[in-house]
Each structure stands twice: as structure tokens, then as C-alpha cells.
Amino acid sequence: MKVLALISGLLLFSSTVQAAVLDFSGVTDIGPSHTSYVEKGVTVQSIGGDLAYHGTPGRVHITDSGTSFATGLSFTTGARFDAVQFDIFGSSNFFCLGPGCNSPIPFNNVVVTAERSGVEVARREFYSGTSPHTEVLDFFFLDIDRLSISILFPAAVDDTVCAFAAPCTFFDVDNVLLIPNGNISSVPLPAALPLYGAGLLMVGFLGNRARRRNEKSIN
């Protein structure tokens, strides 16, 4: 029993996968045009503008229009990978309905897509909110070869307008976590929790069986 417990514990702490956490520490402020950035073997390509931070180093700034900042980012590694999560720092979204635009309303301003062999296999749309949070992706974003995070405009209707001059919505992205199936220079991440749990279940099962045998022998 002790041996089984020891083995399951070792599986937890020794089994690792290699994870790339992109912190964008090498991204500069807006200046000379930069559209591509490589960190830990991951290539980050800007969509529709410059790849840069705005105000806060270590984050990539994404806006809808009216500036030279990118409207989105795409991530590739040259191999398949799992997209796990990223931090997002949202702002107000200045679209509103009706004349006067006195009450801007929230809307889904972020779209995250995944591609496999050039075909979109996953899509998530959500509101960035105005408070920093971590967006955790689901299993549809596993085993992909491209991840994209971009601005999303609200559905076009006649009485939807931008309350202020462009940009109308923007957010920052940081700490993008990717787990590669190929070779990325990276940091270790514990990845044996399911196996560890199975080991504990087996230990419990064998323990119960041993107790039942002891009870029968006593009786």
C-alpha cells in the first residue's frame, strides 16, 4: 500500500509537460512598425496593425480602429499545441443604441478562434469586461496549430453607433499559456493530476479489499 501511494505521488511531481507562458516582456511601445514577435519558440503575428503595448509594458494592446495598434493577434509554433488560457484587461465599450448615445452598453468585443490545418475548429465570443481576469479555454482549443485573439464588433444594426471617436473598444492581452506537442523552449508545468487521482483511487480500492479480507479472516 505504501509503495502504491509513493508511486502515485512520484507521478504527480515528476510527470511534466512543457508549457510556454508568453509574458510579452520583449514587446515595445508604439513606434516603428512591428508586426511579428517571437517568444519561447512561439511566433505572435499582429492582425491589422502594430504589435505593441500601450501604457503598461508586458501587455499587448488591441483596439478596433482609429490607431495603429493591432486589431488582433495570431499564435503559431510550427507544430500542434494546446491553448489553455490568457489574461485579459478590458475597458469600457463605447457602442450604444438610439440617438444621443447616453448609455453605452456591453457587448461581446472579443473573439478567440482556433485553427487546425487551416480550418477553424473552435470559436469563442465574450465581453472583455472592465476588470482584469483570466479567460480559460475549453477542450475545443486542444491540438491546434493556430490561435487568434481579436476585436469583435457588435452586430450591425441601424441604431448602433460609437459613442465617442474611434477607438470604440480596446483591451490588453498577457500571459498566454500554450502547451506544445512540438519543441518549444519553455517552463515545466505539472500535468499528472488525472494520473495521480487514478493512483489514489486504486490505493483506496486495494485498501478496502484488504480490509474486507481481514474482516473475513477474523470472522
| said: Taking amide H atoms as placed 1.01 Å from N in the peptide plane, list the residues 5 or more away in sequence, or in a different chain, whose amide H sits under 5 Å from that of SER65. | reply: CYS168, THR169
| message | Let's test the formula: R0 of 30 Å, r as the Cβ-Cβ distance of SER117 and ASP87. What FRET efficiency results, to the nearest 0.05? | response | 0.60
| field | Two-site label geometry, ASN175 and THR35: point separation in nm, points 7 Å out along Cα→Cβ | value | 3.1
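Every number here is computed from the coordinates shown, using simple stated rules; none is lab data. Nothing here was measured: the structure is a model prediction, and the numbers come from that model. Here the Cβ is made from the backbone with ideal geometry for all residues, glycine too, and neighbour counts use every protein chain on show.
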